[in-house]
Amino acid sequence: MRILIIEDDLEAAQAMRHGLTEAGYDCVHAPDGEAGLTEAGKGKFDVMIVDRMMPKKNGVEVVETLRREGDQTPVLFLSALGEINDRVTGLRAGADDYLVKPYAFAELIARVDALSRRRETGAVATTLKVGELEMNLINRTVHRQGKEIDLQPREFQLLEFMMRHAGQSVTRTMLLEKVWEYHFDPQTNVIDVHISRLRSKIDKGFDRAMLQTVRGAGYRLDP
Amino acid sequence: MRLPRLIRSTPFRLTLLFLALFAAAASAFLGYIYIATAGEVNRRADADITREMESLEAAYRVGGVNALNQTIVERATGERPFLYLLLDKDGKRISGSIEESPIDGFTGPGPTWETFKLTETDIDGAEVKRAARGVQERLSGGEALFVGADVQESEGYVMKIVRALRGAGALVIILGLAGGVLISRNVSRSMQGLVDVVNAVRAGDLHARARVRGTRDEYDELAEGLNDMLDRIERLMGGLRHAGDAIAHDLRSPLTRLRARMEVALIDAENGKGDPVAALETALVDADGVLKTFNAVLAIARLQAAGEAPNQAVFDASELASDMAELYEASCEDKGLDFKAEIVPALGVRGNREFIAQALANILDNAIKYTPEGGAVMLRARRTSSGELEFSVTDTGPGVPEADRARVVQRFVRLENSRSEPGAGLGLSLVQAVAASHGGRLELAEGPGEYGGFGPGLRVALVLPRVE
């Protein structure tokens, strides 16, 4: 998996590169928007991480140029803390996801994982299968070891998201954003409570827990 | 100092331009008056001379040179104010009231006009020159006849008119200039107040304000605009300063704690003691807490500075309330609280959905945090009788004493009994900022009252204006 990091803060880029390489990614770094576009033109990337504020060409311009030229590589947009308008601007320009600096590293990896995986599952599936767990998207039913599990609509959505990202860490913020579609910052463990409810439904009474808690990051559904 | 400034001023320059145009128009007007009066005087004198000439010619036609001579002699000695001169074929004087024709080299045959000076001796014996005008014509017999008139009097009249016109022109220019100076001084004085304010602000006095005179003219409008602008700038600066103070105040202690913890961990690690991983994890949690606080302070400051929340749109508030109910119901159940939601369907509201969601989350977080186990939390969304949209969260916790309700909304204010709970005291401040940035308000009231060891509770309402 190849990642293009377009970031003018060299130290931040270095840290990002280090972490992503540890996580098994192959990274290329470009120090400004123009260099980023040149690199993007040279090779194929699975995900691009684009900083908002950069010399020469800013992040929004970079993403707009990429999309105009027909480059559909998933883009994770990075922005400084507290810019309340940036998320909308970034997504409107064509970015696929958005992360506010400073971010937890686990959050960055989780989002890059999710974006790089998104490309692979292109076809529209009617069923999802992760290990013993089977989900029928048409009937909206879930079975584990052939036993039906009764889920509330939101629990179903939550499990669907976890199944689509099986084996990857997903963070609480990602769940709030992708399952509930809200971008606020909860002060308490609202997501944890929902996960523990879901866990009690899919793991209780079975010999092995599929829904794992990843320390410092979030959750992972293991096959 | 005063004059050059006056000349530089725009109104004065405009006045000069106006004056030039006005002077041109006045010259045309005065020129017309000149032609209509002085010209008329001259024409009338000429007509009199022509008439006299014609009557003499009639005498000549009837009685020849002799009759004409007779008539001239008669008339020249009479009271008529004309000048006469009759010359023979060779230009020699036959008769007349003057000695010499003022018209030399006369060839005829038509009349030749001339304006000239008549030299006379007045009663004191002094020579005076008087303006005169005359015409000379050749008669059919070859003689030349000159008829003239003393026009000194009418000339004087014309001169009077010219002098009057000159005076009028000068008056026009002087009055125009005076008017220009007056107007530009008036305008300059009005502008000066504004310029003084701008200079004062530039020098650093943000409290300076322009005087609004109450005349409702464009200067007042400008002064009001300037004052509004300054008010806003001052408010923003105040907000920034306040945010700066707040950040410094609240971040100093956690940052100091974080630093100390890392230092201790480093010493421990050097001595091979303690668990560096655990120390780093704690430090991360601390850093996240600092960032969270920082983020909230910044969001509040930006909302206050922007005045109005960005990216507002009309959306379904009932749906938002239901989502929040669904999200927080689990937390309530987890803590052993009874949760209820009463949401009127299809409530439209205009605003930034994320900020309103954040505000509701903060209110619900607080309610859950402060309500003891076994208590209840209720979320309501409804339209009030005045058409406003009201989200309210009622809990059965200890509530907030009435005296403290205004205070808890302020940044970093935490009541004594809440200090043991996590949080930086920014939750309600953010709700307040969100409410204000939507033209709404935050209301705190007592909950359902005391019962069975609970209460009196708190009712927190976020009220947003009706959608037009």
| field | Check on A:LYS178, in contact (Cβ under 8 Å) with a residue 12 or more places away in the chain and of a type in the set (D, E, K, R) | value | yes
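For the stretch A:185-201, which residues satisfy the criterion of being small (Gly, Ala, Ser) and away from every other protein chain (no Cβ under 11 Å)?
Scanning the stretch A:185-201 gives a single hit, A:SER200.
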| request: Might you let me know whether the stretch A:100-112 holds any residue that is among the hydrophobic types (A, V, I, L, M, F, W, C), at pLDDT below 90 and part of a strand (DSSP E or B)? | output: yes
| request: Name every residue in the stretch A:154-184 that is more than 7 Å from chain B (Cβ to nearest Cβ) and over 17 Å from the mean Cα position of the chain (by Cα), in order of residue number. | output: A:GLU155, A:PHE156
| field | Residues within the stretch A:126-157 that are buried (at least 21 other Cβ atoms within 10 Å of the Cβ) and in contact with a Phe, Trp or Tyr (Cβ under 9 Å, 6 or more places away or on another chain), tallied | value | 2
| request: Considering every residue within the stretch B:114-133, establish whether at least one is in contact with an Asp or Glu (Cβ under 9 Å, 6 or more places away or on another chain) and small (Gly, Ala, Ser). | output: yes
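Does the stretch B:256-269 include one or more residues that are under 30 Å from B:GLY193 (Cβ atoms), among the polar types (S, T, N, Q) and assigned to a helix (DSSP H, G or I)?
Scanning the stretch B:256-269, I find no residue that is under 30 Å from B:GLY193 (Cβ atoms), among the polar types (S, T, N, Q) and assigned to a helix (DSSP H, G or I), so the answer is no.
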| query | B:GLU281 versus (1) facing chain A (nearest Cβ under 9 Å); (2) surrounded by fewer than 19 Cβ atoms within 10 Å (Cβ to Cβ); (3) under 22 Å from A:ASP86 (Cα atoms); (4) not hydroxyl-bearing (Ser, Thr, Tyr): which is the lone unmet condition? | reply | (3)
| note | With criteria (1) out of contact with any helix residue (DSSP H, G or I) (no Cβ under 7 Å at 6 or more places or on another chain); (2) under 29 Å from B:VAL377 (Cβ atoms); (3) more than 8 Å from chain A (Cβ to nearest Cβ); (4) surrounded by fewer than 17 Cβ atoms within 10 Å (Cβ to Cβ), B:LYS292 comes up short on (3)
| said: Can you say whether B:LEU236 is under 30 Å from B:ALA23 (Cα atoms) and surrounded by fewer than 16 Cβ atoms within 10 Å (Cβ to Cβ), as far as the supplied structure shows? | reply: no
| task | State whether one or more residues within the stretch B:200-209 are of a type outside the set (Val, Ile, Thr), under 14 Å from the mean Cα position of the chain (by Cα), part of a helix (DSSP H, G or I) and surrounded by 12 or more Cβ atoms within 10 Å (Cβ to Cβ). | result | no
| more than 60 Å from the chain's Cα centre (by Cα), part of a loop (DSSP other than H, G, I, E, B), surrounded by 16 or more Cβ atoms within 10 Å (Cβ to Cβ) and among the β-branched types (Val, Ile, Thr), is that true of B:ILE49? | no
| query | Quick check: is even one residue across the stretch A:29-43 buried (at least 17 other Cβ atoms within 10 Å of the Cβ), charged (D, E, K, R) and either in contact with a strand residue (DSSP E or B) (Cβ under 7 Å, 6 or more places away or on another chain) or touching a residue at least 60 places away in the same chain (Cβ under 8 Å) (or both)? | reply | yes
| task | Could you list all residues from the stretch B:163-185 that are surrounded by 12 or more Cβ atoms within 10 Å (Cβ to Cβ) and either in the same structural domain as B:ALA132 (by TED's automatic domain parsing) or over 30 Å from B:GLY39 (Cα atoms) (or both)? | result | B:LEU177, B:GLY179, B:GLY180, B:VAL181, B:LEU182, B:ILE183, B:SER184, B:ARG185
| query | Which one is nearest to the other protein chains (Cβ to nearest Cβ) among residues in the stretch A:202-223 that are without any contact (Cβ under 8 Å) to a residue 24 or more places away in the chain and among the basic types (Lys, Arg)? | reply | A:ARG215
| Criterion (of a type outside the set (A, V, I, L, M, F, W, C), under 30 Å from B:ASP286 (Cα atoms) and modelled with pLDDT of 90 or more) met by exactly one of A:HIS143, A:HIS165 | A:HIS165
| field | Complete set of residues in the stretch B:97-155 that are within 21 Å of B:ARG61 (Cα to Cα) and part of a loop (DSSP other than H, G, I, E, B) | value | B:THR107, B:GLY108, B:PRO109, B:GLY110, B:PRO111, B:LEU139, B:SER140, B:GLY141, B:GLY142, B:GLU143
| query | Does the stretch A:79-97 contain any residue that is closer than 28 Å to A:ASP222 by Cα and either modelled with pLDDT of 90 or more or buried (at least 18 other Cβ atoms within 10 Å of the Cβ) (or both)? | reply | yes
| note | Of the residues in the stretch A:210-223, those that are touching a helix residue (DSSP H, G or I) at 6+ places or on another chain (Cβ under 7 Å) and under 21 Å from A:LYS147 (Cα atoms) come to A:MET210, A:LEU211, A:LEU221
| said: Checking the conditions here, which among B:ASN227, B:ASN186 is more than 26 Å from B:ARG302 (Cα to Cα) and part of a helix (DSSP H, G or I)? | reply: B:ASN186
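The values are calculated or read from the model by the stated rules, or taken from the named source; none is laboratory data. Bear in mind the structure is a predicted one, so any value in this text is a computation, not a measurement. Cβ coordinates were reconstructed from backbone atoms using ideal geometry, including for glycine residues, and neighbour counts include every protein chain displayed.
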